[in-house]
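Below you'll find the structure, written out as structure tokens, and then a few comments.
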Protein chains: 2
Amino acid sequence: MDQTQNDGRALRRLLDELGRLPGIGPKSAQRIAYHLLEADAEEARRLAEAILDVKRQVHFCPICFNYATRETCDVCDDATRDRATICVVSEPRDVSAIERTGTYHGLYHVLGGVISPMDKVGPEQLHVKELLSRLASGEVSEVILATNPDVEGETTATYLSRIIKPLGVRVSRLASGLPVGGDLEYADEITLGRAIEARRAV
Amino acid sequence: MDQTQNDGRALRRLLDELGRLPGIGPKSAQRIAYHLLEADAEEARRLAEAILDVKRQVHFCPICFNYATRETCDVCDDATRDRATICVVSEPRDVSAIERTGTYHGLYHVLGGVISPMDKVGPEQLHVKELLSRLASGEVSEVILATNPDVEGETTATYLSRIIKPLGVRVSRLASGLPVGGDLEYADEITLGRAIEARRAV
């Protein structure tokens, strides 16, 4: 008889659900499950609540499509941010990565993906139209294209620079220095910070 | 402004709670949190429910102190298991590890720890008394001491063999083959299975 049966379906189900999380293999799932079994009920309850709350309270900012808990996100809300610069990223997690560098003080625009013909994602599937509306106000003087330095990211940046430059807005790209083929999310703060400072015109 | 603020307290709290789990550093916590934000609400709800259910439904078996969802655990419940052999382990997760080998068909006894004077854990803090009561029935002919092959595990095994042998019960220890100083939980099935088969009398 397998221990999975031994612990009943409750533990089996927890192992299954934990195993769906990124970077969690069967051994990690088991380690976490046993940790939760050994932890006091309060700790387990807090984790479960935090998971539910994040889904209940977090939605997309209607301006930049970053995650927000109030009507708009904290970056868009923040009057001290430089409203003349928009940094375009693929995912909300990239906003996190750039914020951690402390180097950037402008606004963001989250595309919600990258152009990828293989996955049938074109500009229509991304928040490109909304980006163009933001530029139409004339308030924005520079757009930093901070998509990942991989094939899809470069394709997306090239596409965006072609449609944005005719609007008379300066377009820049994060400086090389990021390892090509790498993932923006995993860059260390210093490398990413320098890449932002040394961004080049496209 | 930090992105943690940006996402509001809900995400910060989820990151904190995930960071408490074993083997989850800040980067893993963030990866998991963003995965949950991107996942459909149903997946997040299932994970939260699984965490709560496991705490609600799983308790300790009153016979062997393994985890159980019914009154006693599935091993104790299973009429096909060999009731003449008890395998003594430190933690319920060790039961899992041994069950996965498919090599062992007897019962278990979970001590709930190991003797460790440094941590002020003596035999009184472990389920040793309950083990001795089980042996008093005369039904048990062999006790396998399957504590970890580290200092505390060996100390605990030596202590138990000294008090069990006078009762006329055969006492054995998992065969060497497990890397000394290692952790039983991480042994691969084959190594652990062989160690069970080649267990030596103490």
With Cα coordinates, the longest principal axis of chain B makes an angle with the long axis of helix B:41-57, in degrees rounded to 10, of 30 degrees
Per-selection Kirkwood Rh - region A:26-151 (Cα, Å, 1 d.p.) | 16.9 Å
So who's got an amide H within less than 5 Å of the one on A:TYR67, skipping anything under 5 residues away but keeping other chains? H placed 1.01 Å off N, in plane.
-> A:CYS61
What are the label-to-label distances in nm, one decimal and shortest first, from B:HIS105 to the same spot in the other copies, with labels 7 Å along Cα to Cβ?
-> 7.5
Expressed in µm² per second, the diffusion coefficient of region A:78-175 from the Stokes-Einstein equation, with Rh the Kirkwood radius over alpha carbon pairs, at 20 °C and 1.002 mPa s, is 158 µm²/s
Can you pull a Stokes-Einstein diffusion coefficient for the protein assembly as shown at 25 °C (0.890 mPa s), Rh from Kirkwood over Cα pairs, as a whole number of µm²/s?
-> 100 µm²/s
How many Lys pairs in chain A lie less than 28 angstrom apart by Cα atoms, where the lysines are 8 or more positions apart or on different chains?
-> 6
Most packed first (mean Cβ within 10 Å per residue), the peptides A:15-22, A:162-169 order as A:15-22, A:162-169
C-alpha center-to-center spacing [region B:48-93, region A:86-163] in angstrom = 52 Å
Per the C-alpha gyration tensor (a ≥ b ≥ c, the square roots of its eigenvalues), region B:98-138 is rounded if a/c is under 1.5, else prolate if a/b beats b/c, else oblate; here it's oblate
To the nearest 20 debye, what charge dipole does region B:67-140 have about its Cα centre, counting +1 at the Cβ of each Lys and Arg and -1 at the Cβ of each Asp and Glu?
-> 100 debye
Over region B:3-57 - Rg/Rh using Cα atoms and the Kirkwood inverse-distance radius | 0.99
Shielding by partners for B:18-29, please: the mean number of other protein chain Cβ atoms within 10 Å of each residue's Cβ.
-> 4
Determine the dipole magnitude for chain B: charges of +1 sit on the beta-carbon of Lys and Arg, -1 on that of Asp and Glu, nothing else is charged, the reference point is the Cα centre, and the result goes in debye to the nearest 20.
-> 520 debye
How large is the dipole of region A:3-57 about the Cα centre if only Lys and Arg carry +1 and Asp and Glu carry -1, each at its Cβ, rounded to the nearest 20 debye?
-> 280 debye
Within the accessible area of chain B (1.4 Å probe), percent carbon and sulfur = 53 percent
For chain A, what is the mean residue ellipticity at 222 nm derived from helices alone (per DSSP H run of n ≥ 4: -39500 (n - 2.57); sum divided by total residues; nearest 500 deg cm²/dmol)?
-> -13500 deg cm²/dmol
What list of ³J(HN,Hα) couplings, whole Hz, do you get for region B:80-89 from phi and the Karplus terms 6.51, -1.76, 1.60, once you set θ to phi - 60° and write x for glycine and proline?
-> 7, 6, 6, 7, 8, 10, 10, 9, 9, 10
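The values are calculated or read from the model by the stated rules, or taken from the named source; none is laboratory data. Quick caveat, the model's predicted, so the values are computed rather than measured. In this analysis, Cβ positions are derived from the backbone assuming ideal geometry, glycine residues included, and neighbour counts consider all displayed protein chains. Surface areas here come from the heavy atoms of the whole protein model, side chains and all, with no ligands, DNA or RNA. Shrake-Rupley method; radii C 1.70, N 1.55, O 1.52, S 1.80 Å.
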